[in-house]
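Enquirer: Just passing along the structure, written as structure tokens.
Taken together, the values in this text are just the output of simple stated rules run on the coordinates, not laboratory data. Quick caveat, the model's predicted, so the values are computed rather than measured. Cβ placement follows ideal geometry from the backbone for every residue including glycine, while neighbour counts extend to all protein chains displayed.
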Amino acid sequence: MNKITIRIVIIMALMLSCQMIVMIFKVPSYIFATPIKVIETLVIQREILFTNSLTTITEAIIGFLLANLISVSIALIIYLNKKLSDIIIPFAIIINAMPIIAITPLLTIWFGPGMQSKIVTVMLFCFFPSLINVLRGIRSLDIESLWLFKIYSANRLQVIKKLILPSILPYLFSALKTSSSLAVVGALVGEFIGSNKGLGFIIMSSYYSMNIPLAFSAITISSVFGISFYYLIHYFENKINFDKREVKKW
């Protein structure tokens with residue numbers, strides 16, 4: 001069997017096990033939702049779930065793109081002016097060390113209860129891993145290649161375009177795959193507080209109303225999106241030939 005078939009079999013086995021455990025021990029639906037109940041809820045509540053899914057996906061994608069764009073830009077700025085590293089890196093570490101969940105209410109106050117505060121939350125989740133990976137890529141550049149560009153009097157823009165960006169692509173894709181999952185988490189965390197739409201809002205409101213099947217349905221959709229987002233980036237990574245060889249498939 002190939003990898004996809006094996007994964008499908010494992011997922012089906014886990015779903016069957018959950019269904020059997022709930023049936024055998026007669027676990028109430030307000031404590032744990034069976035896979036059949038989740039599928040049923042996905043069908044019945046499809047309009048509500050679809051509308052709120054669009055909100056969460058939009059927040060995750062926008063925050064993901066902005067965070068990675070900013071991190072790549074900052075990494076290139078540090079390369080052009082290494083003295084700024086002593087200022088930017090400690091500041092980035094402080095951002096990463098902050099308990100983002102704890103400051104989410106502040107973000108809601110500062111940026112409002114709309115989509116803006118959720119996008120900022122996603123950016124905070126994605127920024128640091130992306131920055132560190134891109135900096136690792138820049139610091140691992142081939143010194144001989146840099147000297148060759150200098151010998152031919154290449155300007156900074158040419159060095160960035162012809163050497164740095166192609167060289168850091170493996171590190172950049174690693175950053176993108178890491179932050180793809182964090183983007184979904186960030187969007188959900190942002191929606192847990194001060195939101196009236198999105199999958200995070202559905203999950204929290206379902207907990208309060210003890211509608212566990214609906215909460216599990218929202219969790220399932222967010223998980224599927226996170227996994228799909230990851231493999232979409234992985235697909236494009238495999239399409240790009242680093243050093244004339246295919247990236248090894250996961």
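Enquirer: Under 29 Å between C-alpha atoms is the cut-off here; go through the range 33-239 and count lysine pairs that meet it, provided they're at least eight residues apart or on different chains.
Expert: Step by step, the pairs that qualify in the range 33-239 add up to 18.
Enquirer: Out of these labelled values of semi-axes √(5λ) of the Cα gyration tensor in Å, [x] 41, 24, 20; [y] 41, 24, 13; [z] 46, 15, 14, which was calculated from the coordinates shown here?
Expert: Recomputing semi-axes √(5λ) of the Cα gyration tensor in Å here gives the entry labelled [y].
Enquirer: Let me ask something additional. For the chain, what are the DSSP H helices with axial Cα length of 18 Å or more and mean Kyte-Doolittle hydropathy of at least 0.0?
Expert: 3-25, 46-80, 115-139, 169-192, 212-239
Enquirer: Oh, and also: In whole Å and largest first, what semi-axes does the C-alpha gyration tensor of the range 121-250 yield when each eigenvalue is scaled by 5 and square-rooted?
Expert: Largest first, the range 121-250 gives 41, 16, 9 Å.
Enquirer: Moving on. Taking R0 as 22 Å, what FRET efficiency do you get between TRP147 and LYS82 from their Cβ-Cβ distance, rounded to the nearest 0.05?
Expert: 0.85
Enquirer: Could you sort the peptides 56-63, 78-85, 100-107 by per-residue average Cβ neighbour count (10 Å cutoff), highest mean leading?
Expert: 56-63, 100-107, 78-85
Enquirer: First select every other residue whose beta carbon is under 13 angstrom from the beta carbon of SER217; then total the charges, Lys and Arg +1, Asp and Glu -1.
Expert: 0
Enquirer: Can you order the peptides 178-185, 142-149 by their average number of other Cβ atoms within 10 Å per residue, highest first?
Expert: Ranked by mean Cβ neighbours within 10 Å, highest first: 178-185, 142-149.
Enquirer: With +1 on the Cβ of every Lys and Arg and -1 on the Cβ of every Asp and Glu, and nothing else charged, how large is the dipole of the chain about its Cα centre, in debye rounded to the nearest 20?
Expert: Using only the charged Cβ atoms, the result is roughly 640 debye.
Enquirer: If the convex hull of the alpha-carbon atoms of the range 60-132 is projected onto planes in all directions, what is the mean projected area in square nanometres?
Expert: Answer in nm², one decimal: 4.8.
Enquirer: Just to check, using Stokes-Einstein with a Kirkwood Rh over alpha carbon pairs, what's the diffusion coefficient of the range 1-142 at 4 °C and 1.567 mPa s in µm²/s?
Expert: 68
Enquirer: Which log10 I(q)/I(0) values, to two decimals, does the range 30-82 give at q = 0.21, 0.23 Å⁻¹ under the Debye formula with one point per Cα?
Expert: Listed by q, the Debye log ratios stand at -0.83, -0.88.
Enquirer: As a check on your grasp of the helix formula, calculate [θ] at 222 nm for the chain: sum -39500 (n - 2.57) over DSSP H runs of n ≥ 4, divide by the residue count, round to the nearest 500.
Expert: Mean residue ellipticity at 222 nm (helix-derived): -26000 deg cm²/dmol.
Enquirer: Sort 224-231, 89-96, 3-10, 120-127 for me by packing, meaning the mean count of neighbouring Cβ atoms within 10 Å per residue, highest on top.
Expert: Per-residue Cβ counts within 10 Å, averaged per peptide and sorted highest first, yield 120-127, 224-231, 89-96, 3-10.
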